[in-house]
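Bear in mind that the values in this text are calculations on the coordinates, not laboratory data. Remember, it's a predicted structure, so these values are computed and weren't measured experimentally. Cβ placement follows ideal geometry from the backbone for every residue including glycine, while neighbour counts extend to all protein chains displayed.
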Amino acid sequence: MTIAPIETTVLGPIDEIPFGEGRTYAVGPDMIAVFRLRDGSLRAVSAVCPHKGGPLADGQIDNKVVVCPLHLYAWDLATGCSQSGQPPINVYPVRVDDGHIILGD
Amino acid sequence: MTKRLVVIGNGMAGARTVEEILARNGDFTVTMFGDEPYGNYNRIMLSNLLAGVESEEGIYLNDLAWYQDNGITLNAGVRIERIDRFAKMVYATDGTATPYDKLIIATGSSSWTPPIKNIHNPKRGFHQGVFAFRTLDDTRGMIRYARDHERAVVIGGGLLGLEAARGLQNHLSEVTLLHAMGHLMERQLDEKAGHMLQASVENKLGIKVITNAMTTEILGKDRVTGVKLADGTVIPCDVVVIAAGIRPNTQVAADSGLTVERGIVVDDQMRVQDEDDIYSVGECAQHRGNLYGLVAPLWDQAKVLADHITGRDTEAAYTGSKLSTKLKVAGIDVASMGLIAPETDDDEVIIYNEPKKGVYKQLIIREGALVGAILVGDNSKAASLIQSFDRVQALPEERAELLFDIGGPAGEVKPEDMPDDAQVCNCNGVSKGAICGVVNAGCKTVSGVMDKTRAGKGCGTCKPLVQRIVEWAAGGEAEEDPAASWYVPGVPMPKPELMAAIRKYELKSVSAVFEKLVPGGEHDAKSKMGLASLLKMMWADQYIDERDARFINDRVHGNIQKDGTFSVVPQMKGGVTTPAELKRIAEVAERYNVPMVKLTGGQRIDLLGIPKEQLPAIWADLDIPSGYAYAKSFRTVKTCVGSDFCRFGVGDSTALGIAIEERFQGLEGPGKMKLAVTGCPRNCAEAYVKDLGVVAIDGGRWEIYVGGAAGAHIRKGDLLATVGSAEEVIRLTGRFLQYYRENANWLERTYAWVPRVGIEKIRAVVVDDAEGIAEALDAAIEEAVQAYKDPWKERAVPATPGQFRTSLPLTVLPQVPVRS
Ligand code: SRM
Ligand SMILES: Cc1cc2nc3c(=O)[nH]c(=O)nc-3n(C[C@H](O)[C@H](O)[C@H](O)COP(=O)(O)OP(=O)(O)OC[C@H]3O[C@@H](n4cnc5c(N)ncnc54)[C@H](O)[C@@H]3O)c2cc1C
Ligand code: SF4
Ligand code: FES
């Protein structure tokens with residue numbers, strides 16, 4: 001598992017992300033996909049699929065994994081690990097504070 | 001102490017040997033060198049890759065993660081040029097030196113180039129347009145080049161040449177096969193069989209075959225324009241593929257002082273002659289005077305080598321292999337094993353010859369055992385013959401039983417009759433015993449056994465046999481892969497039970513289904529799309545639409561492409577358009593710089609490469625409803641011009657097609673529904689091969705065919721009914737589609753569902769109302785039709801915040817070319 005260090009950044013209002021979906025945010029040079037699980041919690045991972053560059057924020061999720069929309073490989077949203085032998089994706093700390101999405105610790 | 005094992009060659013034999021060593025817990029740190037810049041792939045499948053029935057991803061046997069997970073250092077793209085057997089080092093062309101304690105040479109073969117004038121370009125390998133057929137790079141190059149050219153010549157009429165010729169037909173229109181000998185596959189077939197094969201290849205496949213053709217020269221200055229034969233014949237072409245044979249890669253071994261004759265000479269332990277620590281395996285090895293060019297022997301060699309090198313069984317000995325081959329060309333059955341002609345007067349020869357059907361079978365029996373067989377045009381007995389041949393089994397007194405199925409189920413080997421070491425999967429070398437072992441260890445599902453043994457994961461032809469063996473080994477209690485009967489993987493219920501539960505508890509959203517019907521209430525991403533489709537079908541406008549349950553295509557109503565952009569396919573009912581509509585589409589394409597405008601196979605126009613954020617604006621400017629080219633739903637109705645214009649038309653197919661599309665547009669289902677209406681049995685709209693196809697016949701009547709396909713699977717539809725009016729067609733179409741929607745499994749197209757249920761049953765329900773549900777089906781489809789809304793209307797008010805926000809820019813994505 002790779003928890004990547006990242007500067008604390010306010011990404012925007014939480015309402016930007018519907019339940020069960022993801023949106024992409026550009027943070028400096030990094031593209032980060034933030035998902036709002038149906039249980040209300042957030043997950044942040046690198047936005048680019050390591051397989052062939054698929055946009056992970058367009059993928060489908062449950063409370064554990066995100067499934068890339070291009071070839072349907074899955075990654076664990078908490079650890080970033082692949083379930084099918086693909087390279088891992090970065091995971092970032094993320095939380096909600098006063099209706100805003102806060103990336104970083 | 002852990003020893004250093006170095007393997008030269010990362011092909012099928014090298015990687016398999018390492019797998020066998022790992023399976024024996026061999027205590028080695030492994031370093032592999034491979035000249036090709038890839039992990040290990042299934043070379044056999046290059047034929048299928050060329051033929052377009054396999055993808056590049058699908059042919060990898062071990063991906064890079066496998067090497068990592070097993071602690072193997074893979075030097076891909078690095079060639080070894082010298083071995084120092086005294087210092088025990090190997091030297092690579094990149095200048096590195098690597099020490100070993102044990103060395104395995106598995107350098108395989110290269111394709112052999114016959115001496116043909118002008119075949120090479122002095123500056124760079126082959127002349128432009130000339131290809132070998134051995135590696136993934138060869139195949140890629142060939143596909144890329146063939147795509148923009150018309151005519152190919154394949155030199156060599158053996159297994160490889162035939163597979164190359166067939167594969168090339170997938171990319172260009174004219175293929176000629178040149179063979180220097182008198183008949184095709186002369187090493188595996190006798191003359192009669194060779195001629196029979198030639199007739200099939202020419203008539204069924206449309207490949208031109210010239211035998212006794214000695215190619216002497218490649219014509220063309222900068223690139224190939226033709227080939228010339230010894231008799232002066234010139235065959236114009238732009239692509240030449242050489243499949244004239246292989247030569248073992250022995251240069252490195254020879255240069256380093258190892259014993260090399262035709263191949264690297266090894267003993268029964270696969271150890272190189274006079275060497276204690278160097279082994280050789282695969283096509284480069286010469287064992288008891290024999291070289292092998294097929295994978296089956298490599299698997300046996302790899303096992304012996306692994307037994308020996310790990311000390312598991314130092315007495316293990318490889319004693320040679322008996323060869324059998326099958327041609328991998330769809331529709332052309334050829335199998336051969338052992339002798340192709342009798343050798344003594346006492347050899348018993350049995351021949352069956354039916355030239356009209358292209359069937360020829362020959363068996364050679366010596367002292368009651370099968371020593372050779374040739375099958376052309378009918379491979380149904382191949383598996384049992386290969387088994388008799390390998391095992392030297394006693395043969396039935398009634399010799400005809402060897403050639404035909406007399407009574408008993410057609411062409412099936414019975415698991416109980418197979419010896420334990422009979423090879424079931426010829427691609428991955430898995431025996432019946434190995435499969436039974438896994439079953440006995442507790443894995444009783446077919447998919448589980450396939451994962452564990454890799455049986456059935458090569459070309460896939462043995463899957464039915466694997467299934468029968470698993471069932472037999474589990475003593476009739478093969479666990480149904482429980483999940484195999486479920487509608488979606490994350491909810492443990494088959495479709496009828498699931499639908500009953502959804503109705504009982506009135507579950508109207510996907511999360512409600514997870515929470516009520518899955519133990520622990522666990523959600524499952526991979527099940528959401530199927531559930532969303534089912535609930536929408538069941539509840540129509542009462543369905544609670546959670547947008548995250550939709551696949552991205554259904555969230556933004558376009559098909560996601562490899563670069564993360566989307567495609568826009570406006571509706572064009574029955575394939576009919578107007579100048580005004582065409583102008584509008586053209587203007588939009590220009591205004592938005594659409595990278596590609598393309599006519600689809602579904603008779604409409606596709607605008608490809610649209611960024612997500614532009615979708616709403618484009619839909620607004622087009623102002624045409626969605627063509628639903630992205631969803632598991634009703635797609636198109638292809639039509640032909642029919643009686644309005646065509647001199648043969650006997651029905652107004654265009655009007656009927658438009659009416660059907662108008663009525664059922666957008667209807668979601670377990671799989672895509674593609675229809676067609678054609679104006680006479682000439683079938684220009686391809687109605688016989690559609691999910692539902694309508695054919696006008698003389699006398700104002702219409703035939704309705706269902707369950708046809710011409711995609712990954714080809715099937716002519718079954719005749720459901722012949723009716724007297726267009727209204728009747730529409731009514732039965734609706735009823736059939738609804739019956740399919742309610743009963744088919746998720747992603748089960750009609751071409752699988754119709755044969756599964758049986759056309760008689762479907763006809764009884766849909767046409768004759770045998771179950772008294774016709775009215776209910778009609779009502780349900782009417783409700784669904786009324787619930788239709790054009791999804792592209794979401795352009796005005798997005799359904800969710802950020803619905804069309806980009807998930808890009810992802811510069812790492814492959815770029816899609818702009819064609820103008
Ligand atoms: C655009 C089009 C090709 C073209 O340029 O002509 C096309 C494009 C795709 N087809 Fe197709 N098919 C297209 C006509 C066909 C046809 C011909 C037809 O409809 O008459 C067939 C054979 C009929 C059939 O459906 O069986 C066809 C059989 C398939 C299949 C194989 C289905 C099967 O079970 O055999 C797939 C894969 C699948 O469904 O899983 C597929 C999947 C695809 C996908 C959606 C692949 C994907 O999942 O991304 C392609 C989308 C490309 C993109 O990025 O937009 N496409 N595809 C055609 C759109 C027709 C339309 O106007 O709607
Ligand atoms: C198109 C095609 C279809 C086929 N179909 C069938 C079939 O249906 N059934 C069947 O049984 N067989 C089939 N074969 C044959 C089968 O693929 C071979 O028998 C098998 O691949 C041999 O394995 P190998 O490991 O000995 O050689 P390879 O798989 O060729 O592996 C050797 C590897 O060593 C590398 N190498 C060579 N020299 C060096 C060096 N000096 N340093 C580093 N690396 C080196 C090569 O680049 C290569 O990757 C087919 C072959 C082809 C090309
Ligand atoms: S459009 Fe259809 S045939 Fe063409 S590459 Fe895509 S899926 Fe394959
Ligand atoms: S790009 Fe993500 S799975 Fe292929």
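Numbers below:
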item	result
FRET efficiency, B:Ala586 to B:Asn212 (Cβ-Cβ, R0 56 Å, nearest 0.05)	0.50
Reach of B:Lys228 by Cα under 23 Å, taken over lysines that are not fewer than 8 positions away in the same chain	B:Lys117, B:Lys123, B:Lys208
Near-label residues of the range B:644-672 by backbone N, under 16 Å of a point 7 Å along Cα→Cβ of B:Asn683	none
Cut-off 14 Å, label 7 Å out along Cα→Cβ of B:Asp274, residues of the range B:66-93 by amide N	B:85-86
For chain B: relative contact order, % (alpha-carbon pairs under 8 angstrom, 6 or more apart)	7 percent
DSSP bridge orientation in chain B - percent antiparallel, rounded to nearest 5	60 percent
B:Asp267-B:Ala230 FRET efficiency (beta carbon distance; Förster radius 45 Å; 0.05 resolution)	0.55
Reduced Cα scattering model of the range B:310-430, Debye log10 I(q)/I(0), q = 0.18, 0.21 Å⁻¹	-1.03, -1.36
Where labels lie 7 Å past Cα in the beta-carbon direction, separation of B:Glu760 and B:Ala316 in nm	5.3 nm
Difference of contour (0.36 nm per residue) and Cα-Cα distance, B:Ala92 to B:Ala341	85.0 nm
Net lengthening on full extension, A:Val10/A:Val96 (0.36 nm per residue, minus Cα-Cα)	30.0 nm
Net charge of neighbours whose Cβ lies under 13 Å from the Cβ of B:Ala165, counting Lys and Arg as +1 and Asp and Glu as -1	+2
MRE, 222 nm, helices only [DSSP H, n ≥ 4, -39500 (n - 2.57), over chain B, to nearest 500]	-8500 deg cm²/dmol
Among beta bridges that DSSP assigns inside the range B:120-244, antiparallel share in %, nearest 5	35 percent
Which of A:Val45, B:Val30 has the fewest Cβ neighbours within 10 Å, and the rest in rising order	B:Val30, A:Val45
Farthest positive-ward along the range B:324-421 dipole, Cα basis, beta-carbon charges - from B:Pro342, B:Phe389, B:Tyr360	B:Tyr360
Pairwise label distance in nanometres, B:Thr722 with B:Arg391, each label 7 Å out on the Cα-Cβ vector	5.1 nm
Percentage relative contact order, chain A, counting C-alpha pairs under 8 Å, at least six apart	32 percent
Two-site FRET efficiency, B:Lys793 against B:Val518, from Cβ-Cβ distance with R₀ of 30 Å, rounded to 0.05	0.30
Label-point separation, B:Arg366 to B:Cys646 (7 Å along Cα→Cβ), nm	6.0 nm
Sorted by Cβ neighbour density within 10 Å, fewest at the top, the residues B:Val224, B:Val588	B:Val588, B:Val224
Estimated dipole of the protein assembly as shown in Debye, rounded to 20 [Cβ of Lys and Arg +1, of Asp and Glu -1, Cα centre]	1960 debye
Violating pairs (Cα-Cα greater than 29 angstrom) within the set B:Lys528/B:Lys562; B:Lys536/B:Lys583; B:Lys463/B:Lys495; B:Lys328/B:Lys356; B:Lys432/B:Lys690; B:Lys444/B:Lys508	B:Lys536/B:Lys583; B:Lys432/B:Lys690; B:Lys444/B:Lys508
Positive-end extreme of charge dipole, the range B:634-786 - chosen from B:Gly679, B:Val729, B:Gln786 (charges on Cβ)	B:Gly679
For the range A:1-70, size of Cβ-based charge dipole, Lys and Arg +1, Asp and Glu -1, in debye	200 debye
Rounded to 5, percent antiparallel among DSSP beta bridges of the protein assembly as shown	70 percent
Assigned charges on the beta-carbon of Lys, Arg, Asp, Glu; the range B:634-786 dipole about Cα centre (debye)	740 debye
Options B:Leu607, B:Phe664, B:Leu402, ranked by Cα towards positive dipole end of chain B, top entry (Cβ charges)	B:Leu607
